[in-house]
Structures are given as structure tokens and as C-alpha cells.
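Structure, as C-alpha cells:
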Amino acid sequence: MLDPAFYKRTASTIAMAAALPGMTIAGGLLGALVDRWLGSAPYGAVGLGGFGFAVAVMQLLRTTRPPDDPAAPPPS
């Protein structure tokens with residue numbers, strides 16, 4: 001039987017791998033709906049798709065950031 005930490009790392013890796021395309025596609029689809037509603041051609045899809053991509057990158061950076069060092073002095 002594998003270590004439970006292995007399953008946690010595997011699930012975290014799968015979630016990170018799905019976040020980037022998932023949020024980008026979701027933003028693009030939402031933008032396409034906004035475009036259809038407002039009649040604004042590809043601007044909503046491109047804009048919200050880019051926004052979804054930026055949010056996904058921020059989420060990946062937040063997830064992969066090392067934990068704070070509790071022994072470090074507080075910022076002054």
C-alpha cells in the first residue's frame with residue numbers, strides 16, 4: 001500500500017494540471033455568452049479567457065509557493 005502523502009501529492013498535481021486549461025476555457029465560454037448577449041464579437045471571449053488564464057496562473061503560483069518560515073522575524 002502506498003503512503004497517503006502520495007495520494008495527496010497526486011491529487012494536488014492533477015488539480016494544478018486541470019486548473020490552467022479549465023479556467024481559461026470557462027472564462028472563454030463565459031465571454032462568448034457575454035459576446036452573444038451584447039453583440040460584441042470576440043472581445044468578451046478573448047478578454048474573459050485572458051482573465052481566466054491570469055487567475056489560473058495566480059492560483060498555481062499560490063499553490064506552489066513554499067510555506068512561510070515560522071522562525072523568520074516579522075516584517076517591520
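We did not get these values from a lab; they are worked out from the coordinates using the rules stated. What you see is a predicted model; the values in this text were computed from it and never measured. Methodologically, a virtual Cβ is constructed for each residue, glycine included, from the backbone with ideal geometry; neighbour enumeration extends over all protein chains shown.
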Which label belongs to the value computed from this structure, given these candidates for mean projected area of the Cα convex hull in nm²: (i) 5.4; (ii) 10.8; (iii) 8.5?
(iii)
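So how do L29, L48 line up by other beta-carbon neighbours within 10 Å, fewest first? Numbers along the way, then the final one.
On the way: L29 14, L48 21.
Ranking L29, L48 by Cβ neighbours within 10 Å, fewest first, gives L29, L48.
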Using only Cα atoms and rounding to the nearest 10 degrees, what angle (0 to 90) does helix 43-64 make with the longest principal axis of the chain?
0
In deg cm²/dmol and to the nearest 500, what is the mean residue ellipticity at 222 nm of the chain if only DSSP H runs of at least 4 residues count, each as -39500 (n - 2.57), divided by the residue total?
-27000 deg cm²/dmol
When I14, I25 are ranked with the fewest other C-beta atoms within 10 Å first, the list becomes I14, I25
From the phi angles alone, apply the Karplus equation (6.51, -1.76, 1.60; θ = phi - 60°) to region 9-23 and give each ³J(HN,Hα) in whole Hz, x where the residue is Gly or Pro.
5, 5, 5, 5, 5, 5, 5, 5, 5, 8, 5, 5, x, x, 5
